[in-house]
Amino acid sequence: MKQTKQHILIVDDELEIRKIIQEILSDEGYSTATASSAEDARNQARSRKPDLVFLDIWMPGEDGISLLKDWKDQPETDFSVVMISGHATIETAIEATKLGAKDFIEKPVSIEKLLAAAEGALPQKIKGEDVFSHLIQNTQPFSKRLEGLEQEMIKNKIFVMQSEEGQEKVAWARALHLKHYSEVGEFKQLQIKQKETSIEQERKDVFETLEDQKNATIFIENIKNLFEENKAPVSKKLIACTHNRPIKIFVSATDTNEISFLEEKNIAVLDISPLRNTLKEVPQILDTTIKFFVERDGHDYRRVSLASQNMLSKYQWPGNLRQLVDLAQALLSRKDKEIVNVDEIQEIITLQGPSGNILIENNLLSLSMKEAKKLFERAYLTRQLELVGGKISELSRRVDMERTNLYRKLQSLDIEYKKKKKPTS
């Protein structure tokens, strides 16, 4: 399995400068390309999106600042840029920084400065990083929403995070922690398990987590499962532990009814929009997800065709970000083709249930014949039931099975369905 190298584009009208920078970066193991003008740079970036661009300020025709302005705020050009120049003013450097340039280096370029600028501007190598936190920090529109949440964090210490299933609320909390609070202390995830312990033990576990001075950020999941007797004490403890202490507490919820026992005046509600609200950016998010797993796990890179991108931009994503990540992993597990086409996307989405979960897992061949048959039958009937809108009579005709036998089969496979009530005489 091969990993993709980080790709750097060098834009300069002087051939010798381009050759020197390219040689240095290639020797360091980077993939490189060069462009001699702004228009050439646009074509190169469209052909293969770079991770970093070294951009000369003064070029004949369109200069580097104009090109940087053109690239600014375009989702498909969200790569890092380092400006280079032999005779730039402080005002020019400030303008470039305001437009989003990561760094500014002067000619003649030394090897040390060049490599330091590249290392500082390139996305950090992925090791054991969580894919959801990575996407939230490195893709639009998630990174913009993250900035909005950061403003709320300045004013408050306790937050309720609301979103649909699959938007991975814990990842948003972890991303905020990594960006601002990892040096203060640890990130702690606390799950309230439904009545698996006594009232006293549950309260003790929650209090110990809140009082632990090592924890700078705490994410509380399933707070709705608290015993009624513990809701008031936990609410008071949440507020008390934030006094005179640099701590942020996130509470996961699907709606406000789950947290009605908390004192609202001390809490800010953070809403995470569903993925269908950002359909235009879905192809970019999917590509970033694929690159994440390529970099971390060593998969071969697969490019999604334009027709597939158009289809994904119209799909409603019932399983939200979790479904998109599952799709990326399913695509990378298939290694026969470099380009992902519409039929392949459609096939995988068809094998995902109404909530976006994969109905048939990749480890099918490790199962016994009996287990594999049951798994297939459940996936097949679940998807067919969804396609007929839950109508058993229509499902019976569609799969050619007598209705009584069909009911028994659905029950044996634990597939939920709505059985019509018999009319009363």
Residue hits (region 381-392; at pLDDT below 85 and not in a loop (DSSP other than H, G, I, E, B)) are T382, R383, Q384, L385, E386, L387
Counting only residues that are surrounded by 11 or more Cβ atoms within 10 Å (Cβ to Cβ) and at pLDDT below 70, region 328-380 contains a total of 14
Can you tell me which residues in region 37-59 are assigned to a loop (DSSP other than H, G, I, E, B), under 21 Å from F104 (Cβ atoms) and of a type outside the set (A, V, I, L, M)? S37, P50, D51, W58
Going by the conditions given, is R378 out of contact with any Ser or Thr (no Cβ under 8 Å at 6 or more places or on another chain) and outside the structural domain of Q346 (by TED's automatic domain parsing)? yes
Hey, K280 hits all of (1) of a type in the set (D, E, K, R); (2) surrounded by 15 or more Cβ atoms within 10 Å (Cβ to Cβ); (3) at pLDDT 90 or above but one; which does it fall short on? (2)
Show the residue pairs that are 6+ apart or on different chains and have beta-carbon atoms under 9 Å apart, the first residue being within region 283-298 and not assigned by TED's automatic domain parsing to the domain that holds F142, the second being acidic (D, E) and assigned to a helix (DSSP H, G or I). P283/E76; Q284/E76
Taking interchain pairs and intrachain pairs at least six residues apart, which have beta carbon atoms under 7 angstrom, with the first residue in region 224-241 and of a type outside the set (D, E, K, R) and the second surrounded by fewer than 19 Cβ atoms within 10 Å (Cβ to Cβ) and modelled with pLDDT of 85 or more? F227/I199; N230/I199; N230/R203; P233/R203; C241/E211
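The values are calculated or read from the model by the stated rules, or taken from the named source; none is laboratory data. Note that this is a predicted model, so its numbers are computed, not measured. Positions of Cβ are backbone-derived with ideal geometry, glycine not excepted, and every protein chain shown enters the neighbour counts.
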